[in-house]
Amino acid sequence: GPPGFLLEWADQIRSISLMNKEKTGILAQLIRFRAAHPGPFWASAGLATLSMFGMVAAFGTAPGTLEQSLQQQTVVEQLAPAISLAPRSDSEFFVREERVQRGDTVASLFSRLGIQDDAAFRSLRSNPVGQHVFRQLRPGKTITAHVNDSGELLALIYPLNGSDRALFIDRRDGRLNVSERALPLETHTQIKSGEIQSSLFGATDDAGIPDSIALQMADIFGGDVDFHRGLRRGDQFSVVYETLTHLGRPVRTGRILAAEFVNDGKHYRAVWYGENDDGKGGYYTPEGKSLRHAFLRSPLEFSRISSGFTTARFHPILQTWRAHKGVDYAAPTGTRVKATSDGTVDFVGNQGGYGRVVILRHQAKYSTVYGHLSGFAQGLRKGGHVSQGDIIGYVGSSGWATGPHLHYEFRINNVQQNPLAVALPNAQPLSPAQITAFRKKTQSILASLALVKDQHLALLD
């Protein structure tokens with residue numbers, strides 16, 4: 001009879017032929033489904049197709065020698081789903097994804113997802129929670145659906161606008177259950193650097209850094225750097241920050257972990273430190289000195305300064321030269337005004353040329369003045385306590401003002417000082433015992449900051 005290895009080879013050929021017929025049948029079913037449900041799909045379909053061509057490739061590239069023994073082993077591994085849903089009893093379903101496009105309706109979105117389920121559409125429309133699907137069609141949002149071969153909606157994951165949560169819609173016992181849950185997020189670290197050419201936002205845009213990180217930088221270094229008028233062409237910055245993703249897609253940015261800003265040749269560095277993992281902490285210099293000043297340098301976020309602190313100026317209303325012992329910030333009416341430090345409301349109301357004004361008292365000898373307001377924060381009253389960063393009023397043009405702006409004064413023992421130049425007191429420093437833990441915890445992130453700085457300088461060279 002034929003040699004044993006030829007019989008074995010013939011058996012392998014018959015087995016492969018049978019498997020190829022099965023794969024061809026599966027592919028035919030997928031093609032029929034694809035014709036009935038146009039649009040991108042993956043998971044079950046992609047896996048089956050990949051498996052079929054994988055078998056053909058394995059057969060085509062088998063070694064030429066017949067004597068070689070091929071040992072095959074089947075390994076079954078249970079993988080957790082990327083999105084946690086209750087276990088399904090459905091034997092077959094397709095996972096489809098679509099991104100919301102400008103001008104989309106829920107009907108057009110469902111059509112691209114392959115959902116042909118009027119009952120599900122009506123059920124979501126009548127459900128108070130499910131109505132978010134109709135109200136939050138923001139372009140760019142990625143929607144994931146589980147659909148069977150007849151177009152029935154089995155599950156839907158719908159991220160909510162401006163949060164880390166999503167609607168989880170799951171069919172159970174013939175009914176759609178709708179719940180709101182937190183998305184499982186992964187935290188990644190980004191390291192970027194840039195150079196000021198015209199503005200902070202222009203530089204961060206060029207470096208691919210989100211605006212939220214630019215604003216955090218301004219808050220961190222705002223006690224030392226005047227981001228309104230103190231930036232210089234050629235100023236440099238490096239930043240290490242967190243990004244939070246879901247299934248590999250960015251959801252939002254986290255906090256800055258470390259940053260360095262070089263302003264007019266002066267170097268400022270900051271690193272985040274919290275003793276516990278409860279999210280509470282603050283920014284410090286690498287030596288452990290707190291960067292939280294008792295006073296913010298500015299009561300507004302990014303506004304053009306129209307008139308600086310001077311000994312005298314020509315008053316546009318009184319038509320005379322008068323001392324101007326404050327800083328005027330030009331900003332649209334209604335722009336929010338922040339308390340620059342913890343304090344007590346000493347005065348709130350109308351006062352001569354200041355118009356609507358708030359005066360805060362801080363640490364006995366310090367006080368701040370916020371004039372020409374259009375209105376006050378709700379609940380603000382004389383004797384009330386405010387914290388640094390609290391909204392106390394809104395920019396306006398009340399009193400002696402020719403246009404909307406904020407008049408801000410910084411007083412020491414009731415004498416006006418230049419808030420852009422005066423040395424601001426710092427917060428309480430770390431204790432010697434805390435310094436040891438601080439250095440140990442921040443060593444690696446400061447090393448990352450030094451690395452990105454060196455890479456940026458190398459690129460400049």
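State all residues of segment 176-203 that are without any contact (Cβ under 8 Å) to a residue 12 or more places away in the chain and either within 24 Å of Arg292 (Cβ to Cβ) or not polar (S, T, N, Q) (or both); if no residue qualifies, say none.
Pass one, segment 176-203, residues without any contact (Cβ under 8 Å) to a residue 12 or more places away in the chain: 177, 202.
Gly202 - this is the single residue of segment 176-203 that is without any contact (Cβ under 8 Å) to a residue 12 or more places away in the chain and either within 24 Å of Arg292 (Cβ to Cβ) or not polar (S, T, N, Q) (or both).
Can you tell me which condition Gln101 does not meet? The list is (1) within 30 Å of Asp264 (Cβ to Cβ); (2) open to solvent by 60 Å² or more (accessible area, probe 1.4 Å); (3) not aliphatic (A, V, I, L, M), and all the others hold.
Against the list (1) within 30 Å of Asp264 (Cβ to Cβ); (2) open to solvent by 60 Å² or more (accessible area, probe 1.4 Å); (3) not aliphatic (A, V, I, L, M), Gln101 comes up short only on (1).
Here are some residues: Gly399, Gly383, Gly403. Which one is part of a loop (DSSP other than H, G, I, E, B), touching a Gly at 6+ places or on another chain (Cβ under 6 Å) and not β-branched (Val, Ile, Thr)? Working first, answer last.
Numbers: Gly383 fails: touching a Gly at 6+ places or on another chain (Cβ under 6 Å); Gly403 fails: touching a Gly at 6+ places or on another chain (Cβ under 6 Å).
The unique qualifying residue is Gly399.
Which members of segment 183-203 meet the condition of being in contact with a strand residue (DSSP E or B) (Cβ under 6 Å, 6 or more places away or on another chain) and assigned to a helix (DSSP H, G or I)?
Ala203, the sole residue that qualifies.
Residues that are open to solvent by 30 Å² or more (accessible area, probe 1.4 Å), at least 3 per element: which strands (runs of 3 or more DSSP E) completely within segment 206-297 meet that?
Details: elements: 236-246, 249-263, 266-273, 282-284.
In segment 206-297, the matching strands (runs of 3 or more DSSP E) lie at 249-263, 266-273.
Take the residues of segment 146-160 that are in contact (Cβ under 8 Å) with a residue 40 or more places away in the chain and among the small types (Gly, Ala, Ser): which is surrounded by the fewest Cβ atoms within 10 Å (Cβ to Cβ)?
Gly151
Restricting attention to segment 161-172, which residues are closer than 21 Å to Asp104 by Cα and touching a residue at least 60 places away in the same chain (Cβ under 8 Å)?
Within segment 161-172, just Phe168 meets the criteria.
Please enumerate the residues belonging to segment 332-350 that are surrounded by fewer than 22 Cβ atoms within 10 Å (Cβ to Cβ), within 20 Å of Pro404 (Cβ to Cβ) and without any contact (Cβ under 8 Å) to a residue 40 or more places away in the chain.
Selection gives Gly349 alone.
Mind listing just one residue for me: the one in segment 121-142 that is touching a helix residue (DSSP H, G or I) at 6+ places or on another chain (Cβ under 8 Å) and of a type in the set (A, V, I, L, M) and, of those, surrounded by the fewest Cβ atoms within 10 Å (Cβ to Cβ)?
Per the criteria, the residue is Leu137.
From Ser179, Ser163, grab the single residue that is open to solvent by less than 60 Å² (accessible area, probe 1.4 Å) and part of a loop (DSSP other than H, G, I, E, B).
On the way: Ser179 fails: part of a loop (DSSP other than H, G, I, E, B).
None of the others qualify; the one that does is Ser163.
Being under 16 Å from Asp164 (Cα atoms) and at pLDDT 90 or above is the requirement here; does Glu242 meet it?
Details: under 16 Å from Asp164 (Cα atoms): yes; at pLDDT 90 or above: yes.
Judged against the criteria, Glu242 is a match.
Please work out which one of (1) within 18 Å of the chain's Cα centre (by Cα); (2) in contact (Cβ under 8 Å) with a residue 12 or more places away in the chain is the condition Pro250 fails and give its number.
(2)
The values are calculated or read from the model by the stated rules, or taken from the named source; none is laboratory data. The structure presented is a predicted model; accordingly, all values stated were derived computationally and were not measured. Please note: Cβ atoms are built from the backbone with ideal geometry, for glycine as well, and neighbour counts cover all protein chains shown. All accessible areas refer to the heavy atoms of the entire protein, side chains included, with ligands and DNA or RNA removed. Shrake-Rupley method; radii C 1.70, N 1.55, O 1.52, S 1.80 Å.
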